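The values are calculated or read from the model by the stated rules, or taken from the named source; none is laboratory data. Just so it is clear, the model here is predicted, and its values are computed rather than measured. Positions of Cβ are generated from backbone atoms using ideal geometry, with glycine treated the same way; all protein chains shown enter the neighbour counts.
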Amino acid sequence: MSAYILSHTKIKNNCLWHNGKLITQGAETVAYTGFLEEAYKSLNLSYPKFFKMDALSKLGVLCAEQILVDENISQFPKEKTAIVLSNRNSSLQTDMAYSKTMSGFPSPSLFVYTLPNIVTGEISIKHKITGENAFFIEPAFNADLLHNYTELLLQATDAVLCGWLNVGEKTCEGFLYFVAKQSLTDEKKINFIKHNPNSITQLYIN
Amino acid sequence: MVFVTGIGIISAIGKNVSETLSSLLESCTGIGKINHLQTIHKDNYVAGEINYSLQELEGLGGLKNSNYNRTTLLSLLATQEALASADIKDVTAHRTGFISASSVGGMCHSELLYKDFLEHKSHENFIDTHYTGAHATDVAKHFGITDCVTTISTACSSAANAIMLGARLINNNILDRVIVGGTDALCKFTFNGFNTLMILDKEWCKPFDNNRKGLNLGEGAAYLVLESERVVKAENKKSLAILSGYGNANDAFHQTASSPDGQGAYAAIQKALEVANLSPTKIDYINAHGTGTANNDSSEAAAIQSIFKENIPPFSSTKAFTGHTLAAAASIEAVITILSIQHKAIFPNLNCVTQMQDTTLFPVTSLQKNAVLNHVLSNSFGFGGNCSSLIFSKN
Amino acid sequence: MENLIENLKKQIIEQLNLAEVKPEDIDPSAPLFGEGLGLDSIDALELIVLLEKNYGLKIQEPKDAKHIFQSVKTLAEYITSQKK
């Protein structure tokens with residue numbers, strides 16, 4: 001099955017990139033949680049629910065935004081768009097934050113985010129995506145797993161938003177990319193990248 | 001085609017398939033007093049707790065001082081039974097994978113040990129087992145499974161998604177055989193959290209009852225051995241059922257609540273029927289998600305009504321037997337579904353008395369024997385809008 | 001009562017992470033759920049926590065809280081009535 005990566009975003013070291021272009025950058029000294037909120041403001045998102053989310057969901061929604069509003073992407077039917085995400089830390093930061101509230105007044109809004117796949121839910125809610133979704137927990141970014149699973153899904157769906165969203169104590173890392181079946185892409189448009197583990201890895205590390 | 005050649009299960013209604021079947025046939029619930037979990041809610045709530053301590057669970061697996069946490073031990077025991085049930089003596093004889101699901105992971109251990117660790121640096125091992133995928137790595141290693149090992153974590157639909165992935169890997173000739181399912185142990189963190197969401201029933205839950213107050217938590221693990229047609233023929237294996245359909249969709253409504261009309265559920269069921277190439281009229285029984293919360297049961301009933309229209313198949317939730325076992329639920333209920341098919345029995349939706357006001361649907365509330373069960377649908381819907389449905393068919 | 005209403009507005013904004021909302025934006029009589037601030041079921045649970053944490057008032061059933069959480073004004077009236 002031939003497929004192409006149509007768009008990709010990355011958040012790392014307080015920088016947000018879209019298709020290799022730097023969109024917004026925060027000061028290195030700012031905590032990543034502060035950067036995520038700054039990035040929201042600089043993108044003019046106008047989505048108040050953003051502030052209720054935990055860091056993992058904020059990271060995912062920001063990374064997904066640039067991709068999903070792209071005119072090449074928004075044409076794909078929402079019910080035939082799948083979401084496949086992964087990370088190592090699951091929802092650990094929020095688990096710890098919730099855990100701290102357990103001895104006093106446990107916070108329901110924190111508990112909601114103590115599952116890694118809530119971020120898939122948040123992206124789905126914001127963009128009304130109703131296709132399949134999966135969340136894998138892996139020791140490190142695994143291009144082979146994402147590639148192989150996406151290729152399986154493309155047998156029954158048109159496009160897949162894939163990637164890695166990992167939130168730690170001091171840093172966070174987001175890498176999302178959008179894959180579509182060759183037959184549905186207009187290859188004359190822009191520089192679509194062939195979908196294979198090697199190209200995925202290259203996009204991830206560069 | 002994907003065949004189910006082995007099953008293994010441990011939950012509040014039994015430590016293996018045989019005990020589970022007896023409990024189901026005798027309408028004997030596993031929901032009751034909490035004995036082992038040291039939670040502040042112990043005396044105020046009931047749960048589907050497995051009545052074995054950590055050491056006793058180790059003993060069941062022939063282990064001692066293993067350092068495995070409760071989630072991992074449950075996974076190990078159910079996997080052990082599934083492998084034996086499928087008569088697998090050499091896991092390396094074919095390309096074999098292990099895809100497991102969990103939401104708790106090592107939290108059941110960490111929450112007990114981390115304070116000591118912070119003060120005295122004791123129990124360091126638990127840090128390595130906290131990570132959700134640790135149980136899958138440990139169990140796969142224990143049984144020598146190396147070809148493909150991964151962990152899925154999508155809340156209450158996790159195990160169904162593990163089963164789906166397994167089926168796809170076989171159908172695409174990437175693996176010949178895969179052990180799929182999920183595990184979750186009761187822990188204070190989860191108890192506390194569900195209590196905060198105010199969706200726990202202090203008493204025995206009442207799925208699909210108009211006066212339902214919420215869910216009872218449960219714990220357990222269950223695994224299926226899925227094998228390809230080629231391997232089943234080559235080894236002349238007896239298969240327990242066929243996994244004929246599967247579907248997943250996102251409800252895109254709310255982080256933890258289901259849409260009132262059950263759109264995500266509808267889409268998942270629809271996809272499963274398409275994969276199985278079955279019309280809704282061919283479904284003989286539904287093992288519902290039926291958690292006992294006001295929201296899920298209404299939403300699921302709406303979805304069932306929309307798909308099946310005038311031909312609503314008999315349905316029941318078995319969560320009043322086992323409790324809601326979270327990431328393990330879909331595989332525990334898959335095993336129960338397969339037992340249904342094998343024994344031609346529809347297990348009852350216990351503790352349901354009054355029909356819900358907003359629907360004409362009412363579940364099966366007493367054991368039905370000699371049921372014609374060619375195709376059975378099993379639903380599992382998770383937080384994050386993750387909705388999955390599986391269809392098992394008689395061989 | 002006015003003091004309580006002003007305090008409640010600030011507490012609600014903080015407890016519910018309504019980062020883009022200022023106290024002066026909240027009309028005390030406007031619905032909190034549905035329209036108005038557009039709060040959802042999880043916000044309702046956080047309001048239950050707020051009542052217990054800040055005012056020592058415990059609500060056992062979320063269903064009972066619907067009329068209390070109608071608006072900031074009804075919330076303030078409830079708190080005042082319980083203090084007697």
> Just wondering, is there one or more residues in segment C:64-84 that are over 29 Å from B:Ala294 (Cα atoms), away from chain A (no Cβ under 14 Å) and of a type in the set (Lys, Arg)?
Replying inline: yes
>> Please go through segment A:88-106 and give me each residue that is within 14 Å of chain C (Cβ to nearest Cβ) and either among the β-branched types (Val, Ile, Thr) or closer than 15 Å to B:Thr190 by Cβ (or both), ordered by number.
In response: A:Thr94, A:Tyr98, A:Thr101, A:Met102, A:Pro106
> Which one is farthest from the other protein chains (Cβ to nearest Cβ) among residues in segment B:338-385 that are closer than 27 Å to B:Ile152 by Cα and at pLDDT below 95?
Replying inline: B:Gly382
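Determine whether A:Leu110 is among the aliphatic types (A, V, I, L, M), in a helix (DSSP H, G or I) and at the interface with chain B (Cβ under 7 Å from one of its Cβ atoms). Show your work before the answer.
On the way: among the aliphatic types (A, V, I, L, M): yes; in a helix (DSSP H, G or I): yes; at the interface with chain B (Cβ under 7 Å from one of its Cβ atoms): no.
Criteria not met by A:Leu110.
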> Only one of (1) away from chain A (no Cβ under 14 Å); (2) over 26 Å from B:Tyr68 (Cα atoms) fails for B:Gly181. Which number is that?
Replying inline: (2)
> Failed condition for A:Leu85, given (1) out of contact with any Cys (no Cβ under 8 Å at 6 or more places or on another chain); (2) buried (at least 23 other Cβ atoms within 10 Å of the Cβ); (3) more than 7 Å from chain B (Cβ to nearest Cβ), with all others met?
Replying inline: (1)
> Would you say B:Ala222 is surrounded by 24 or more Cβ atoms within 10 Å (Cβ to Cβ) and within 11 Å of chain A (Cβ to nearest Cβ)?
Replying inline: no
> Is segment A:8-25 home to any residue that is within 13 Å of chain C (Cβ to nearest Cβ) and either among the charged types (D, E, K, R) or in contact with an Asp or Glu (Cβ under 9 Å, 6 or more places away or on another chain) (or both)?
Replying inline: no
> So which pairs qualify, if the first residue must be in segment A:150-177 and farther than 19 Å from A:Ala97 by Cβ, the second must be surrounded by fewer than 20 Cβ atoms within 10 Å (Cβ to Cβ) and among the aliphatic types (A, V, I, L, M), the Cβ gap must be under 6 Å, and the two must be at least 6 apart or on different chains?
Replying inline: A:Glu151/A:Met1; A:Leu154/A:Met1; A:Asp158/A:Leu184
> Out of B:His109, B:His130, which single residue is at pLDDT below 95 and either among the charged types (D, E, K, R) or in contact with a Gly (Cβ under 8 Å, 6 or more places away or on another chain) (or both)?
Replying inline: B:His130
> Looking at segment A:139-155, is at least one residue within 11 Å of chain B (Cβ to nearest Cβ), under 12 Å from the mean Cα position of the chain (by Cα) and hydrophobic (A, V, I, L, M, F, W, C)?
Replying inline: no
> Out of segment B:230-280, which residues are among the acidic types (Asp, Glu) and either within 10 Å of another protein chain (Cβ to nearest Cβ) or on the phi > 0 side of the Ramachandran plot (or both)?
Replying inline: B:Asp251, B:Glu274
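Look at B:Ala84 and say whether it is in contact (Cβ under 8 Å) with a residue 60 or more places away in the chain, under 27 Å from B:Asn172 (Cα atoms), out of contact with any strand residue (DSSP E or B) (no Cβ under 6 Å at 6 or more places or on another chain) and in the same structural domain as B:Asp201 (by TED's automatic domain parsing).
yes
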>> Please go through segment B:254-277 and give me each residue that is out of contact with any Ser or Thr (no Cβ under 8 Å at 6 or more places or on another chain) and either in a helix (DSSP H, G or I) or closer than 18 Å to B:Leu165 by Cα (or both), ordered by number.
In response: B:Gln270, B:Glu274
